[in-house]
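Notes follow the structure.
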C-alpha cells in the first residue's frame, strides 16, 4: 500500500460481498472550443431566472418553480422537489442536424432521494426521449434512456443495477451510430448493449427534471426528486480516454457521509480512523514493511506470502496458491465474551486476477475469508474474493451486524480470520486488511447500499385505517388473530380496543395469540408480567401450565422470496424473549403470548391479568381469559418432517435445544441422513461384508430422546457414490454400475441393517435415495435402480415428486441407451412440489399423497404455513409434509440481503430457516414457524372431529359437524400454482388465501381461521356431550390406530436443560407437562375406536455402543 491512497479516489469497491468497480473523479469545466459539446449546465448560479449553458451554443435553461441551490461536489447544485419544479431548455437542442453522425453522449452528476421511484433527469437532452434514474413498474435500480426507433416506437436502453440513493453519482451514457450503447456509473463501465434501427428524432418541449407521459387521453407528469450538479451533452460517442478525462478529481471525502465509494483507508474523515493500534479500528498493510512479524497484528503462515510487489502506486504481497494464512487483530470494542459491542466492518483490498465461467455458478474453488469464531467447533466463511478476472484492484467490505448470532468473535484476545487460496485461483494479491467498528447510522447506510445494489424493491407495509381510530391520551391495547401480521402501522378497529385477551386451548396443547400496545407517548423500561390465573369455579386452583410472552421483532424481510421481484418490507419477523423494552409513540408494538396446558391441567375458565409497567409505574392491567377444554387432541393425521443440517449449519451448540424447539412446534426431523459420515463400510479388498452404524445410531438415539422421531421416520440415503468407489466399480456407465452384483448385494445389506435398527426401536424408516428426480436423468436413474432394491428388502420409499417422475427417460452413454422407467410404481409416498398439485393428482395418489413447501415455508406472514399445515393439509388428505428448511442460510442468518460467498455478481441466495441461531443456545422462532404450529394445531382439531364423527355417526352433533366440514372447505382451491401463485401481488398471495377461506361466509379476514377452529371445538364438545362421554382419559385408555403418537414423543425438558429464565412467566411449570403435542404419527389415514392420547415410552436403542451389521 502507498500513502498516496489517502488522497486517491481510484478506490474500487465491493459492497457487502459484491465487488462493483466504482471510480469517482473531479469533473473539469467545458472547454469553449470543444466543437462536439452541445450543452453544459453547471448549476452553480441562477441568473435572472436561468441556468446558463457554458458551451458555445447558449442553450440556457429557464426555471419553473422554486428551485433552490445547495452545495454540490464542486460549487453548487440545483435541488428539485419531485413534484412541481423543473427547467425548460430550447427546442433547437433536439434538432438531429446537430448530431450528424447519429451519435450522442450524455453525462450527469446527480443525487436522488429515492432509488425506488423514477427520477427524470431530462427529456430531450438532444434528439432522445427521457433519461431517468431509479425505478418504475418495469425496471428497478437502473438508469434508462428512451430513444425512438425507425418504426416510431420507443426503445429502452438500460444501465446495470448499480445506482444508489442519497449520494452523488456520475452517470455517462454513450450511443454509437450502429446502436451500440454503454453506461458508465461513477466512471466504471456498467452495461453494454445494442439496439437495432434506432433513430435520433426531435422532441417537443425539452426539459430538465420533468417528463410528461401521454397515456391516451390523459397525461402523467414525472419529476426529479433530488439534485443535479452537472449536465453535459455531446454529439458523439465519447471514447474511453475522453471518459477518463471527464472522471478526474471528483472527491467525495469530507462530506461526513461514508458513502459507497469510500473506505476507512481512503477517507478516514468520513468513515473513521484506523491505525495499527487503534481503539476503533486497526489494519495490516502487506506492502508497507519487509517484516510481517512487526506490529500488533499477527500474521500466521508468513512463509505462504510472496515478497513485496508493486503495481502503479500500490505495494502489496501475494498469498501463494494452494496456501492459507491466518490474520489476528488485537481485540477492541468487545464485551467480556469476546463479542463486539457494535456492528463491525472488515475491508480487504485485493486484485481480481482469476475468472470463473459464470457469475451465478456455485463453486468452492474461489479464494475465501473465514471468520474463526469456533461456534460448536466450527468457523464460518464470510467472503468470497470476486472471480471476474478483470485485473482490477477491488475493495471487499464485509458488514458484521450486531445480532444474537455474531459472525465475529474475539478468542484469546484476537479477532481471527483465515484466507484460503485454492490452487485453481493462483496467487492472490492483497494490499491491506482492515477491521473497524461501525455506528448504527453507518450500519443502516451499508445495509441500504446492499439492498440497492441487488435491486431489492421496498414495498411498505399496508397502513391501518384511521377513520374510526379514537384519539386517546392513554395507551391502549388490542389483540388480533395469531395468523394476522401486526405492523407498526397497524391500527385496531374500535371493537378490538381494550377487550380482554381470550385464549382457547385443549389439554396437553399449545396455543398463541398476539397482543399489541399503541401509545401516544414513548414508554421506557416496559415490563409485562402475568398474574396467577384462577379457575373460575374453584378459586383455590390456579393454572398449572406455562405462559410465555415474547417481543415480536420487526425487521426488513422479503415478502415472499422467490418470484416476488425482490420486494421487501418491514414486517413481523421473529419472537424474542425480553426482560424490558420500549414502546415507541404513535406505533403499534406487538407481543406474542404462548400458552401451554399440561395433560393433567384441570379444564375450565381461568382468569387473570397481564400487568404492564413503564419505568416502574403500572400503566395497563389487561384482563386475560384462558379456556381449557376437557379433552386432548389427536395428531393432525399427517407427518411434518423438517430438513435439518446441524453438522453443516450449526444452529446451536446443544442439539437437545434444537430438538426441543422442533418438538414443541409439532414436527419431526429428516435426520440423520445415511452418508459416508454416519455409516462406514466393513470390507475385505473390494467386497463389502458389513457396516458400522455407530455414528448413525448415536445421532438417531439423540433425536429419539429429543422427541423428533416418530413411528414413521423419513430419511435420506446418499451412499451409492461411496459404495461404488469402495467397490472400485466404474461409473462411466452409471446404469451398468448400479446393476453390478457386488453393488446390489452391498446396497441391500445396507438397507437390511437400517431396517433392523428401526425395528429395534419400534419405528419404520421411509427412505429417499435422490432429490427432485423429475426429468433429471441421473436422479431418475438412481431412483429407477435403488428404490426397487429398497422395497425388495422390506423398506418403504419416498421422493420429492413432480409428474415428470412418471416419464420414461433415455439414459444415453457412448455405448448404449437405457430406458428409465416411471417411478411411481416404486414409491410409497409422493411428496409433491406444491406448484404441481391439483385435484387430479390428489385423487390419483390419494394413499401416497404428500407435499413439500419450499419457499412458501419461509414467508414471514404466518398465514401461509397455517393454511398449508391446517386447512390445506386437511382438504388434500396429505400423509406427509416436507419443510425446507429449519437451518439453511447464507452468511448472516438474520439478513435476507447478503450474498453466497461462492457466487459472483449481483445475486443473492435466500435463507431457509424457521428459527434463528443464537450464541446463548436458545432458538429464536420466526413468525413463519409459529404459523406452522398454528396450522398443525388446526389439523389436530380437524382430525379429532373427523374421528369422533366416525365413532358416533348417529349423534345429531356428528351429523351437523360432518355437514359443516363438507360445506366449509369444499370450494377452497387446491391448485396453489394457478389460483394463488400466478395471481399474487407485491405482498404475495395472502389476500387470495383469505378470499378462499372466507368465500361464501361472513368475511372475517384473518379471524376466519380462528372462527373455524372455534366451530370445530364446539362440535367436539357437542359430540362428547351427546355421546355421554364425561371424561376422556389422558393416556393409556386403549390402543389407537390414528396417526397420533404425540404424547409418547413429547415431554417437558430434562432438568439439565431448563428453559431460559424469564420474568414474563410467574405461573408454576409442571415437569410432567406435554409441551406441546407432536403432529407426527403412525401410518396416516387409519381410524380409531377410542379418542385417547397414547403415552407409551418410546423404544430407544442403546447409545454410545458400536453397532455393526454384517452379512
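The values are calculated or read from the model by the stated rules, or taken from the named source; none is laboratory data. Quantities reported herein were computed from a predicted structural model and do not represent experimental measurements. No Cβ is skipped: glycine too gets one built from the backbone with ideal geometry, and neighbour counts run over all protein chains shown.
Looking at this structure, is residue 844 out of contact with any helix residue (DSSP H, G or I) (no Cβ under 8 Å at 6 or more places or on another chain), without any contact (Cβ under 8 Å) to a residue 60 or more places away in the chain, more than 23 Å from residue 764 (Cβ to Cβ) and in the same structural domain as residue 787 (by TED's automatic domain parsing)?
Against the criterion (out of contact with any helix residue (DSSP H, G or I) (no Cβ under 8 Å at 6 or more places or on another chain), without any contact (Cβ under 8 Å) to a residue 60 or more places away in the chain, more than 23 Å from residue 764 (Cβ to Cβ) and in the same structural domain as residue 787 (by TED's automatic domain parsing)), residue 844 qualifies.
Return the only residue of 849, 897, 826 being at pLDDT below 90 and more than 26 Å from residue 657 (Cβ to Cβ).
897
Is the stretch 716-727 home to any residue that is under 24 Å from residue 656 (Cβ atoms) and either part of a loop (DSSP other than H, G, I, E, B) or assigned by TED's automatic domain parsing to the domain that holds residue 807 (or both)?
yes
Yes/no matrix, rows are residues, columns are (1) crowded, with 21+ Cβ neighbours inside 10 Å; (2) modelled with pLDDT under 95; (3) touching a helix residue (DSSP H, G or I) at 6+ places or on another chain (Cβ under 9 Å):
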{"site": "19", "(1), (2), (3)": "yes, yes, no"}
{"site": "32", "(1), (2), (3)": "no, yes, no"}
{"site": "45", "(1), (2), (3)": "no, yes, no"}
{"site": "48", "(1), (2), (3)": "no, yes, no"}
{"site": "56", "(1), (2), (3)": "no, yes, no"}
{"site": "63", "(1), (2), (3)": "no, no, no"}
{"site": "83", "(1), (2), (3)": "no, yes, no"}
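From the list 710, 753, pick out the single residue that is crowded, with 20+ Cβ neighbours inside 10 Å, in contact (Cβ under 8 Å) with a residue 60 or more places away in the chain and either not in a loop (DSSP other than H, G, I, E, B) or not assigned by TED's automatic domain parsing to the domain that holds residue 678 (or both).
753
Of all residues in the stretch 163-189, count the ones that are part of a strand (DSSP E or B) and modelled with pLDDT of 80 or more.
Let us first name the residues in the stretch 163-189 that are part of a strand (DSSP E or B), namely 169-175, 180-185, 188-189.
Checking the rest, the ones that are also modelled with pLDDT of 80 or more come to 169-175, 180-185.
Of the residues in that region, 13 qualify.
Looking at residue 680 and the list (1) within 30 Å of residue 912 (Cβ to Cβ); (2) touching a strand residue (DSSP E or B) at 6+ places or on another chain (Cβ under 9 Å); (3) in contact (Cβ under 8 Å) with a residue 24 or more places away in the chain, which single condition is not satisfied?
(3) is the only condition that residue 680 fails.
If we keep just the residues of the stretch 362-377 that are surrounded by 14 or more Cβ atoms within 10 Å (Cβ to Cβ) and in a strand (DSSP E or B), which is modelled with the lowest pLDDT?
375
Listed residues 534, 547, 552, 612; which is in contact (Cβ under 8 Å) with a residue 60 or more places away in the chain, farther than 27 Å from residue 667 by Cβ and crowded, with 20+ Cβ neighbours inside 10 Å?
None of the others qualify; the one that does is 612.
Determine, yes or no, whether residue 144 is modelled with pLDDT under 85, more than 20 Å from residue 174 (Cα to Cα) and under 35 Å from the mean Cα position of the chain (by Cα). Break it down stepwise before answering.
Details: modelled with pLDDT under 85: yes; more than 20 Å from residue 174 (Cα to Cα): no; under 35 Å from the mean Cα position of the chain (by Cα): yes.
The answer is no for residue 144.
Assuming residue 973 fulfils every condition listed in (1) under 32 Å from the mean Cα position of the chain (by Cα); (2) assigned to a loop (DSSP other than H, G, I, E, B); (3) closer than 28 Å to residue 509 by Cβ apart from one, which condition is it?
(3)
So, in the stretch 615-645, of the ones that are touching a residue at least 60 places away in the same chain (Cβ under 8 Å) and surrounded by fewer than 19 Cβ atoms within 10 Å (Cβ to Cβ), which residue ends up farthest from the chain's Cα centre (by Cα)?
It comes out as 630.
Only one of (1) touching a residue at least 12 places away in the same chain (Cβ under 8 Å); (2) over 36 Å from the mean Cα position of the chain (by Cα) fails for residue 769. Which number is that?
In the conditions (1) touching a residue at least 12 places away in the same chain (Cβ under 8 Å); (2) over 36 Å from the mean Cα position of the chain (by Cα), residue 769 misses (2) alone.
Mind listing just one residue for me: the one in the stretch 560-582 that is at pLDDT below 90 and closer than 15 Å to residue 865 by Cβ and, of those, surrounded by the fewest Cβ atoms within 10 Å (Cβ to Cβ)?
561
Quick check: is even one residue across the stretch 862-871 surrounded by fewer than 24 Cβ atoms within 10 Å (Cβ to Cβ) and either under 23 Å from the mean Cα position of the chain (by Cα) or within 22 Å of residue 567 (Cα to Cα) (or both)?
No, the stretch 862-871 contains no residue that is surrounded by fewer than 24 Cβ atoms within 10 Å (Cβ to Cβ) and either under 23 Å from the mean Cα position of the chain (by Cα) or within 22 Å of residue 567 (Cα to Cα) (or both).
Taking residue 507, is it buried (at least 18 other Cβ atoms within 10 Å of the Cβ), at pLDDT below 95 and either over 30 Å from residue 923 (Cα atoms) or not assigned by TED's automatic domain parsing to the domain that holds residue 1010 (or both)?
When the stated conditions are applied, residue 507 passes them.
In the stretch 856-898, how many residues are within 24 Å of residue 969 (Cα to Cα) and assigned to a loop (DSSP other than H, G, I, E, B)?
Residues that pass the stated criteria total 7.
Taking residue 160, is it under 30 Å from the mean Cα position of the chain (by Cα), part of a loop (DSSP other than H, G, I, E, B) and modelled with pLDDT under 80?
yes
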